[in-house]
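Structure first, then comments.
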């Protein structure tokens, strides 16, 4: 028997921080199968503890520093 791990789905705008309700950019998956979602601010604030208890951490906070593509002037 082989076991495969499904890839982690990307976080969407509907995913909200468990601490404050802002958009979540970090998913911490715990060994018991539960997950915690955090905005970038709360993920940084709790980083040390998350690394102790999380089986995996999926961080998409790099999306905050990228500029969205804009249409050429003639298409606006």
Original post:
Considering the range 38-50 alone, what residues qualify as being loosely packed, with under 14 Cβ neighbours inside 10 Å and either part of a loop (DSSP other than H, G, I, E, B) or touching a helix residue (DSSP H, G or I) at 6+ places or on another chain (Cβ under 9 Å) (or both)?
Top reply: 44
Original post:
Residues 30, 64: which one is in contact with a helix residue (DSSP H, G or I) (Cβ under 7 Å, 6 or more places away or on another chain) and modelled with pLDDT under 90?
Top reply: 64
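Identify, please: which residue in the range 22-37 is within 13 Å of the chain's Cα centre (by Cα) and part of a loop (DSSP other than H, G, I, E, B) and is, among those, surrounded by the most Cβ atoms within 10 Å (Cβ to Cβ)?
24
The values are calculated or read from the model by the stated rules, or taken from the named source; none is laboratory data. For clarity, every value in this text was computed on a predicted model and none was experimentally measured. Cβ sites come from the backbone with ideal geometry, for glycine too, and all protein chains shown count toward neighbours.
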